[in-house]
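Encoded as structure tokens, the structure appears first; notes follow it.
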């Protein structure tokens, strides 16, 4: 992996962000829970020719953690703040994984001026009770165990958990776990809205990428069909077999092929 994929680094309010070059970005990347912007570097290393922006979510990577409930509306507004600070005519394509995918869906629904198209990699499906008040939450035990290890041990554990991941994925993944701000779990949390509800508000083109639920994917083929029926705009679902929740790590080449085809049409 190139050590210099992100040549430009900056901050907007509490948010750290990174660009591959000085040009205004045309594709923005939002990472998943407990990852960081640096986790996109192995993928971007194989995507020459795009001007990428990646953002550390609040409480992740080098971003700060505001003293307020941890909600998807806040993650949406964070992404909007950074994209608004370096706007591109017609908006950017926004690519998100997991938590970042749901954040991207919230952003596309609320700020069509900033998003020209959106890629959702295995987002959570959301819940019908998301309008209820914030609730306490806690750090997942697997994350507590990983964070207690030193970096080499975290890398080794990552390889043991997912032996088919490319080697260049392991160190950014392991590093990001130590960067997570544990105070996040002291803040109230609110589940996201159902993805199908958000899709009724998204008018730009959407690509949903998912794997197999038996391998950990949050999106089933049946739920992807429900998303197709709910979507207000141009919508396509791509199932990449034999992958789980981190499709881009489980099968980078098929993920890249699907992403490149979408970007060629909408970037």
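Observations on the model:
- The length gained on full extension between residue 186 and residue 226, counted as 0.36 nm times the residue separation minus their Cα-Cα distance, comes to 10.9 nm.
- With contacts taken as Cα pairs under 8 Å at a separation of at least 6 residues, region 147-267 carries a relative contact order of 22 percent.
- DSSP-defined antiparallel bridges as percent of all bridges, the chain, nearest 5: 25
- Figure legend: label point modelled 7 angstrom from the Cα of residue 200 along Cα→Cβ; residues of region 81-113 with amide N under 19 Å from it are 105-112.
- A straight chain from residue 67 to residue 21 at 0.36 nm per residue would run longer than the Cα-Cα distance by 13.3 nm.
- Annotation: the residues 245, 97, 51, sorted from fewest to most other C-beta atoms within 10 Å of their own C-beta, follow the order 51, 245, 97.
- Take every Cα pair under 8 Å whose residues are at least 6 apart in sequence, average their separation, divide by the length of region 1-130, and the relative contact order is 25 percent.
- Just so you know, the averaged projected area of the alpha carbon convex hull for the chain sits at 12.8 nm².
- Along each principal axis, taking the top coordinate minus the bottom one, the Cα set of region 43-136 gives 44, 27, 24 Å in descending order.
- Backbone N within region 95-126 under 11 Å of label point (7 Å from residue 234 Cα along the Cβ vector): 117-118
- Sorting 221-230, 10-19 by average packing, meaning the other beta carbons within 10 Å per residue, from highest down gives 10-19, 221-230.
- Relative to the current alpha-carbon distance between residue 45 and residue 253, full extension at 0.36 nm per residue lengthens the span by 73.6 nm.
No value in this document is a laboratory result; all are computed from the given coordinates. Note that the coordinates shown come from a computational prediction; the quantities given were computed from them, not determined experimentally. Note that each Cβ is placed from the backbone with ideal geometry, even for glycine, and that neighbours are counted across all protein chains shown.
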